[in-house]
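Undergrad: The structure follows.
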Amino acid sequence: MPFEPVVHLVPGIVEFPFREGYVRSIIYVSLYVSVTAVALSTLFSLPVAMLMGFSDFPGKQLVKSIINTGMGFPSVVVGLLVLFGVSNQGPLGDLNLIFTKEAMIMSQFVLATPPITAISLAAIRGVDDNVRDAAHVLGGTRVDVALVVIKEARYGIATAILAGFGRAISEVGSVLIVGGNITSSSGISKTRTLTTAIQLEARQGRYDTAMVLGAVLLALVLTINAVVVRLGDEGAMR
Amino acid sequence: MTIQRRRFVAALGGGIVAGLAGCSGGGGGGQSESVGVQGETLTLTTTTSTYDTGLLNDIHPDFEEMYGVTVDAVAQGTGAALESARNGDSDVVMVHARGLEDEFMRNGYGVNRRDLMFNDFVIVGPEDDPAGIRGMDSATDALNAIAESEATFVSRGDNSGTHTKELNLWEAAGTDPGGDWYQEIGAGMGEALNIANQQGAYTLSDRGTFISQRSEVDLVILVQGPIEGGPEILSNPYGVMAVNPGVHDDTNYDLAMAYIGWITSPGAQDAISSYEMNGEQLFFPRAVSEDPDFQQYVPQGWSSDSSDE
């Protein structure tokens, strides 16, 4: 794990009273939940953005304003709505999703989808019409044309995915409500993420350990941004 | 769009569950074979004090090993813990507000309530004690002194067991707190202690959380609870209840009952009494006693409320 060196550096600066594997497991849960949610969001958002970028249909403006509203949707409200959905009393109650990673993924999906859709849409609309026409003329099917457009718009789409990922991984309100911030008694996270762990540490007044976890979260976000930007550059050179 | 999204979310949930069908052993299915709880998960909603003090993480491995199960402890505060249980989102609930527990039982949501353990509340505040309550024998006199001097008082304001106790104390003191000096923060005990610490304010704390956090704050105990000879009104009893399978048929009732049986057993009660932090005992077992108290099963006001149902 690339984070282990950071952890070993820390004891000299602050006390770091976590059990073996604890920090690693909350990093894992944070990444698992956010990456899964963002991947699902992307699979959903890209076709929607393509559809909205290329065709006209009644109610398009309404859909657009719903997406724009969704970008500012408060995460705790999303958490509350997902809680109502997955609670034993809710419509999905039989699935026993409350206090699981799956419930957290659901709320982060709802949170990440509007920014990913909106920013992808802007990127797709920014692609020169000539590119699309050329692909058509060369005998491309609809899928071929879509792929060409996505390729042209990849920087914007990468930005969109990063924006969605940023919203998902830094989110604390909804994952606390639907996830329950659970660790096992052996100190391994089940539904505790970096953000809810920071919240817990701050709640107990252990600001120094909260800061360490905050630094880990920041490092994680920076790393992932760097990796995505790097991938984009390599793609451009090809 | 909204409808579409909801449908998608539902499909997503279904897909995930289908995908994980093999490893989702928890929840339902336990009732037909009453012995086969192995591999299942017990969801316990509880108050922050049992969790934040580290007690549950200390004693649960024994139970988990004995039955081959996992305990998911969700620390929510007494009010929220009971609400989760009411919704069938947990299997067993461990809280500290007898009045709310009785209501939960009377309304048919809980079964087999057992007294579990107790500790006490203390009134903590800054060393210089502006309201002059140090060493008072009466908790209500102390609160009235704080109110009269309008010294800052931090209230949990979160419908937790501690908050409920605090409101009961104000009522007993005959004072209706309000004004700039009375701050409802709507947060957990640890946060309340931090906020009180930063403002040089008073607050009501359970002894366990205060001890576990003492090194982080400059607050001191000014009025003691019954453990150190203070008034009985500051006692803090904890109870444990299973969620009624008649109300929510997919709760893990067998495992909940196994849990209650285990945690009220001499072994677990010993483990509770030997759990220490900074050399101090935090919780005092109450389930094992020579003269059994059958009142623990019967909520107060049972007959009057059950007659109109």
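The values are calculated or read from the model by the stated rules, or taken from the named source; none is laboratory data. The structure presented is a predicted model; accordingly, all values stated were derived computationally and were not measured. Please note: Cβ atoms are built from the backbone with ideal geometry, for glycine as well, and neighbour counts cover all protein chains shown. All accessible areas refer to the heavy atoms of the entire protein, side chains included, with ligands and DNA or RNA removed. Shrake-Rupley method; radii C 1.70, N 1.55, O 1.52, S 1.80 Å.
Undergrad: For the interface of A with B, what's the total buried accessible surface in square angstrom, probe 1.4 angstrom, rounded to the nearest hundred? Can you show the working numbers first?
TA: Working: alone 12870 and 14280 Å², together 23930 Å².
Buried area between the two chains comes out at roughly 3200 Å².
Undergrad: Further, regarding this structure: As a test, work out the antiparallel percent of DSSP beta bridges whose residues both lie in chain B, rounded to the nearest 5. It would help to have the intermediate numbers written out before the result.
TA: Numbers: 23 of 37 bridges.
Percent antiparallel among DSSP bridges in chain B is about 60.
Undergrad: Compute the acute angle (0 to 90°) between the alpha-carbon long axis of helix B:253-263 and the principal axis of greatest extent of the alpha-carbon atoms of chain B; round to the nearest 10°.
TA: 40
Undergrad: Ignoring ligands and nucleic acids, what accessible area does residue A:43 show with a 1.4 Å probe (Å², nearest 10)?
TA: Surface open to solvent at residue A:43 totals about 130 Å².
Undergrad: What is the local net charge at residue B:158, summed over the other residues whose Cβ is closer than 11 Å to its Cβ (Lys, Arg +1; Asp, Glu -1)? The partial results should precede the final answer.
TA: On the way: positive: B:156; negative: B:166, B:184, B:191.
Once positives and negatives cancel, what remains is -2.
Undergrad: Return, for the Cα atoms of the range A:127-238, the radius of gyration and Dmax in Å, separated by a comma.
TA: So, for the range A:127-238, Rg and Dmax equal 20.8, 65 Å respectively.
Undergrad: Another question about this same structure. Can you tell me which of B:139, B:172, B:147 moves the most in a GNM of chain B? Springs connect C-alpha atoms under 10 Å apart.
TA: B:172
Undergrad: OK, next. In a shell of Cβ-Cβ distance under 14 Å around residue A:122, excluding residue A:122 itself, what net charge do Lys and Arg (+1) and Asp and Glu (-1) give? Don't skip to the end; give the middle numbers.
TA: Details: positive: A:64, A:125, A:154; negative: A:152.
For residues surrounding residue A:122, the net value is +2.
Undergrad: Taking the alpha-carbon centroid of each part, what is the distance from the range A:55-86 to the range A:103-171 in angstrom?
TA: 18
Undergrad: Considering only DSSP beta bridges where both residues belong to the protein assembly as shown, give the percentage that are antiparallel (nearest 5). Intermediate results must be reported in sequence, preceding the final value.
TA: Numbers: 24 of 38 bridges.
If we restrict to bridges inside the protein assembly as shown, about 65 percent are antiparallel.
Undergrad: Relative contact order of the range A:79-176, please, whole-number percent, based on alpha carbon pairs below 8 angstrom and at least 6 residues apart. Don't skip to the answer; put the middle values down first.
TA: Numbers: 87 pairs, mean separation 34.0, N = 98.
Relative CO of the range A:79-176 lands at 35 percent.
Undergrad: Quick check on the range B:161-205: what are the equivalent-ellipsoid semi-axes from the Cα gyration tensor, as sqrt(5λ), descending, whole Å?
TA: Numbers: eigenvalues 67, 34, 14 Å².
Square roots of five times the eigenvalues give 18, 13, 8 Å.
Undergrad: If you don't mind, another one. Could you tell me what % of all Cα pairs in the range B:152-309 have separations over 26 Å?
TA: On the way: 5377 of 12403 pairs.
Roughly 43 percent, once rounded to a whole number.
Undergrad: Still on this structure, I have one more. Suppose R0 equals 60 Å; then what is the FRET efficiency for residue A:219 and residue B:172 from their Cβ-Cβ distance, rounded to the nearest 0.05?
TA: On the way: r = 51 Å, r/R0 = 0.86.
With a Förster radius of 60 Å, E is 0.70.
Undergrad: Right, something else. For a quick size check, give me the Cα extents of the range A:5-142 along its three principal axes, largest first, whole Å.
TA: 63, 44, 26
Undergrad: List the extent of the Cα atoms of the range A:119-184 along each of their three principal axes, largest first, rounded to whole Å.
TA: Principal extents (Cα only, largest first): 58, 20, 14 Å.
Undergrad: Is any residue of the range A:93-113 close enough, with backbone N under 19 Å, to a label point placed 7 angstrom from the Cα of residue A:28 along the Cα-Cβ axis, and if so, which?
TA: Residues passing the 19 Å test: A:100-105.
Undergrad: Once every DSSP H run of n ≥ 4 in chain B is given -39500 (n - 2.57) and the sum is divided by its residues, what mean residue ellipticity at 222 nm do you get, rounded to the nearest 500 deg cm²/dmol? Working shown, then result.
TA: Numbers: 12 runs with 120 residues, N = 309.
After summing the helix terms and dividing by the residues of chain B, the value is -11500 deg cm²/dmol.
Undergrad: If you don't mind, another one. Report the convex hull volume per residue for chain B, counting only C-alpha atoms, in Å³.
TA: Working: hull volume 56.5 nm³, N = 309.
Cα convex hull per residue, to the nearest whole number: 183 Å³.
Undergrad: Write down the radius of gyration of chain A and its Dmax, each obtained from C-alpha positions, in Å.
TA: Answer for chain A, Rg first and Dmax second: 20.4, 65 Å.
Undergrad: Any lysines with Cα under 24 Å of the residue A:64 Cα? List them, leaving off those in the same chain fewer than 8 positions away.
TA: A:151
Undergrad: While we're on this one: With an 8 Å Cα cut-off and a minimum separation of 6 or more residues, compute the relative contact order for the range A:157-228 in percent. Intermediate results must be reported in sequence, preceding the final value.
TA: Values: 47 pairs, mean separation 17.1, N = 72.
Once normalised by length, the contact order is 24 percent.
Undergrad: Let me ask something else about it. Give me the net charge of residue A:200's neighbourhood, meaning all other residues with Cβ under 10 Å from the Cβ of residue A:200; Lys, Arg count +1, Asp, Glu -1.
TA: Values: positive: A:192, A:203, A:206; negative: A:201, B:52.
Residues close to residue A:200 contribute a combined charge of +1.
Undergrad: With no solvent and one equal point scatterer per Cα, compute the Debye intensity ratio I(q)/I(0) for the range B:233-293 at 0.21, 0.22 Å⁻¹ and report its log10, rounded to two decimals.
TA: -0.93, -0.97
Undergrad: Follow-up. Please express the Cα-Cα pair-distance distribution P(r) of the range A:173-230 as a list of whole percents, one per 10 Å bin, running from 0 to the bin with the greatest distance.
TA: Here the calculated profile for the range A:173-230 is 23, 43, 28, 6.
Undergrad: Follow-up. List, by residue number, every residue in the range B:50-85 with a reduction of 50 Å² or greater in accessible area between the chain on its own and the complete protein assembly, 1.4 Å probe.
TA: Checking the loss per residue gives B:51, B:52, B:57, B:72, B:74.
Undergrad: Another question, if that's okay. Quick one: order A:136, B:248 from most to least accessible surface, probe 1.4 Å.
TA: Working: A:136 105, B:248 10 Å².
Final ranking, largest accessible area leading: A:136, B:248.
Undergrad: In nm, to one decimal, how far is the residue B:281 label point from the residue B:293 one, both placed 7 Å along Cα→Cβ?
TA: About 1.6 nm separates the two model spin labels.
Undergrad: With the full set of protein chains in place, find how many percent of the accessible area of chain A is carbon and sulfur; take the probe as 1.4 Å.
TA: Working: 7500 of 11260 Å².
Carbon plus sulfur share of accessible area: 67 percent.
Undergrad: Find the eigenvalues of the gyration tensor of the Cα atoms of the range B:84-234, then list the square roots of 5 times those eigenvalues as equivalent ellipsoid semi-axes, largest first, in whole angstrom. Each step should come with its number before you reach the end.
TA: Numbers: eigenvalues 155, 50, 48 Å².
Taking √(5λ) for each eigenvalue gives 28, 16, 16 Å, largest first.
Undergrad: Now, a different point. Whole number please: convex hull volume per residue of the Cα set in the range B:144-226, in Å³?
TA: Working: hull volume 7.8 nm³, N = 83.
Taking the convex hull of the Cα positions in the range B:144-226, it is 94 Å³ per residue.
Undergrad: Shifting gears a bit: Which lysines have a Cα less than 28 Å from the Cα of residue A:190, not counting those fewer than 8 places away in the same chain?
TA: Straight-line reach from residue A:190, under 28 Å: A:101.
Undergrad: To continue, here is another question. Would you tell me the accessible area of residue A:190, worked out with a 1.4 angstrom probe on the heavy atoms of the protein chains, in Å² to the nearest 10?
TA: 60
Undergrad: Just to verify a number: what accessible area does residue B:170 come out at with the full protein assembly present, 1.4 Å probe, Å² rounded to tens?
TA: Here the residue's solvent-accessible area equals roughly 0 Å².
Undergrad: Quick check on the range B:68-118: what are the equivalent-ellipsoid semi-axes from the Cα gyration tensor, as sqrt(5λ), descending, whole Å? Don't skip to the answer; put the middle values down first.
TA: Details: eigenvalues 60, 34, 27 Å².
Largest first, the range B:68-118 gives 17, 13, 12 Å.
Undergrad: Ratio to report: Rg/Rh of the range B:108-184, with Cα atoms as the point set and Rh obtained by the Kirkwood method; give two decimals. Mind dumping the intermediate values first?
TA: Numbers: Rg = 14.7 Å, Rh = 14.0 Å.
So for the range B:108-184, dividing Rg by the Kirkwood Rh gives 1.05.
Undergrad: Quick check of the Kirkwood formula: for the protein assembly as shown, what is the inverse mean of 1/r over all pairs of different Cα atoms, in Å? Could the numbers behind the result be given before it?
TA: Numbers: mean 1/r = 0.0388 Å⁻¹.
After inverting the mean inverse Cα-Cα distance, the result is 25.8 Å.
Undergrad: With a 1.4 Å probe and every protein chain left in place, work out the accessible area per residue of the protein assembly as shown in Å², rounded to a whole number. Mind dumping the intermediate values first?
TA: Values: 23930 Å² over 547 residues.
It amounts to 44 Å² per residue over the protein assembly as shown.
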